[in-house]
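Q: Here it is: the structure, laid out below.
The values are calculated or read from the model by the stated rules, or taken from the named source; none is laboratory data. The structure presented is a predicted model; accordingly, all values stated were derived computationally and were not measured. With ideal geometry, Cβ positions are generated from the backbone for all residues, glycine too; neighbour counts draw on all protein chains shown. These area figures cover heavy atoms from the full protein model, side chains too; ligands, DNA and RNA do not enter into them. Shrake-Rupley method; radii C 1.70, N 1.55, O 1.52, S 1.80 Å.
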Amino acid sequence: MASVLVVEDDPFVRSALIRHLTDASHTVRSVGTALEALREVAQLRFDVVVLDLGLPDLDGSEALKMLRGITDVPVIVATARDDETEIVRLLNAGADDYLTKPFSVEHLSARMAAVLRRARSGAGDTPPPTVIRVGGLTVDPLRRQAELDGVRLELTRREFDLLAFLAGRPGVVVPRRELLAEVWRQSYGDDQTIDVHLSWLRRKLGETAARPRYLHTLRGVGVKLEPPGWERTP
């Protein structure tokens, strides 16, 4: 059983997909626009996203790029475009697989099963990480939980990934390009994506860019995480 987000603006297609996936014992949520999809993945954790490219508010390829900015969840693109160049571009942009419309629900099920197998086998190759402690900050990558001074932090998936990556390298300045590659799984991207997530993360850590405690930005260089008073420790 998987948690699935269906992003499809056609109510008849959406209803058919929801019915089939629910009958197959999957947990399904559905939205009809790209902006709704972005809100869903920022707040909830899914195993796979089925993304229609013909959305009313945003071109699907742009929606895919924005999704990849906040989550690494597997994405299966549903498209009426069967041009090979376009499909290659979508796969390079972060899609894990694609379906050309019209497609059968059996075909979708097979593609979903293959994508989920790849995702789960890849996760199994990594040894269980240990709990990270930096000052009053505790990060448990295995349980995907973080606490500050004993109080649990409510983080989105991407916020947690960013915090865990920086906490695993205390005191080390991490270049923005490395953050994009390791946290966002992108070889290039907009610095604003990082800035927005840092801003959200700072707010939850009770600090600001002007008065940092854990997160420090070195303009033009990168970002580092260190406990308060780190530099004053002999």
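Q: Suppose the filter is out of contact with any strand residue (DSSP E or B) (no Cβ under 8 Å at 6 or more places or on another chain), more than 26 Å from Trp200 (Cα to Cα), open to solvent by 10 Å² or more (accessible area, probe 1.4 Å) and among the polar types (S, T, N, Q); does Ser25 pass it? Spell out how you get there, then give the answer.
A: Working: out of contact with any strand residue (DSSP E or B) (no Cβ under 8 Å at 6 or more places or on another chain): yes; more than 26 Å from Trp200 (Cα to Cα): yes; open to solvent by 10 Å² or more (accessible area, probe 1.4 Å): yes; among the polar types (S, T, N, Q): yes.
Yes; evaluated as a whole, the condition is true for this residue.
Q: Okay, next question. From the list Ala37, Ala42, pick out the single residue that is modelled with pLDDT of 80 or more, within 30 Å of Arg169 (Cβ to Cβ) and surrounded by 14 or more Cβ atoms within 10 Å (Cβ to Cβ).
A: Criteria check complete, one pass: Ala42.
Q: Here is a check on your reading of the model: is Asp9 farther than 16 Å from Val75 by Cα, surrounded by 13 or more Cβ atoms within 10 Å (Cβ to Cβ) and either out of contact with any helix residue (DSSP H, G or I) (no Cβ under 6 Å at 6 or more places or on another chain) or free of Cβ contacts under 8 Å to residues at least 24 places away in the same chain (or both)?
A: The answer is yes for Asp9.
Q: If Val139 satisfies every condition in (1) of a type in the set (A, V, I, L, M, F, W, C); (2) buried (at least 18 other Cβ atoms within 10 Å of the Cβ); (3) at pLDDT below 85 but one, which is the exception?
A: Status for Val139: all satisfied but (3).
Q: Can you name every one of the strands (runs of 3 or more DSSP E) wholly within segment 1-91 that holds 1 or more residues which are under 27 Å from Leu179 (Cα atoms)?
A: 3-7, 48-52, 75-79
Q: May I pose another question? Just need a number here: residues in segment 62-93 that are modelled with pLDDT under 80, of a type in the set (Gly, Ala, Ser) and buried (at least 19 other Cβ atoms within 10 Å of the Cβ).
A: Of the residues in that region, 1 qualify.
Q: Here's something else I'd like to know. Among the listed residues Gly54, Gly150, which satisfies the condition of being surrounded by fewer than 18 Cβ atoms within 10 Å (Cβ to Cβ), over 20 Å from the mean Cα position of the chain (by Cα) and not assigned by the TED database to the domain that holds Arg14?
A: Gly150
Q: For segment 191-215, how many residues are open to solvent by 40 Å² or more (accessible area, probe 1.4 Å) and free of Cβ contacts under 8 Å to residues at least 12 places away in the same chain?
A: 10
Q: Tell me the residue from Glu154, Glu159 that is of a type in the set (D, E, K, R) and in contact with a His (Cβ under 9 Å, 6 or more places away or on another chain), please.
A: Just a single option satisfies the conditions, and that option is Glu159.
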